[in-house]
Amino acid sequence: MHNGELLRTLKRHSDSVRFVVFSQDGKQIASSSWDKIFKVWQIQTGKIIHTLQGHKGRVVAVAFTLDKKLLVRE
């Protein structure tokens with residue numbers, strides 16, 4: 001449990017981050033950006049697990065499904 005202090009800053013998008021969501025198990029986060037990319041990060045280390053790019057439009061939202069898959073909305 002943390003008391004609100006900053007633990008880590010994740011910098012790897014080249015444009016504004018529009019959405020961040022935690023996985024149900026709390027071990028990963030996914031971030032979507034107007035750089036047309038979304039990334040999945042391991043919270044404990046801050047490392048990028050997946051980078052998905054090639055979207056035609058800005059990625060405005062991302063969500064984890066119950067079976068740990070990702071949904072992306074352009």
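Residues that are charged (D, E, K, R) and loosely packed, with under 13 Cβ neighbours inside 10 Å within the range 1-26 comprise GLU5, ARG8, LYS11, ASP15, ASP25, listed in sequence order. Of the residues making up the range 19-32, none is in contact with a strand residue (DSSP E or B) (Cβ under 9 Å, 6 or more places away or on another chain), at pLDDT below 80 and among the small types (Gly, Ala, Ser). Scanning the range 8-28 for residues that are in contact with a Gly (Cβ under 7 Å, 6 or more places away or on another chain) and basic (Lys, Arg) gives a single hit, ARG8. Here LYS47 passes the criteria (1) touching a residue at least 12 places away in the same chain (Cβ under 8 Å); (2) touching a strand residue (DSSP E or B) at 6+ places or on another chain (Cβ under 9 Å); (3) exposed (fewer than 14 other Cβ atoms within 10 Å of the Cβ) except the one numbered (1). If I filter the range 27-44 down to residues being touching a Ser or Thr at 6+ places or on another chain (Cβ under 8 Å) and assigned to a loop (DSSP other than H, G, I, E, B), which single residue comes out as surrounded by the fewest Cβ atoms within 10 Å (Cβ to Cβ)? Of everything passing the filter in the range 27-44, TRP34 is surrounded by the fewest Cβ atoms within 10 Å (Cβ to Cβ). Can we say VAL59 is surrounded by 10 or more Cβ atoms within 10 Å (Cβ to Cβ) and either modelled with pLDDT of 80 or more or assigned to a strand (DSSP E or B) (or both)? No.
The values are calculated or read from the model by the stated rules, or taken from the named source; none is laboratory data. What you see is a predicted model, and the numbers here were worked out from it, not measured in a lab. Backbone-built Cβ (ideal geometry, glycine too); neighbour counts: all protein chains shown.
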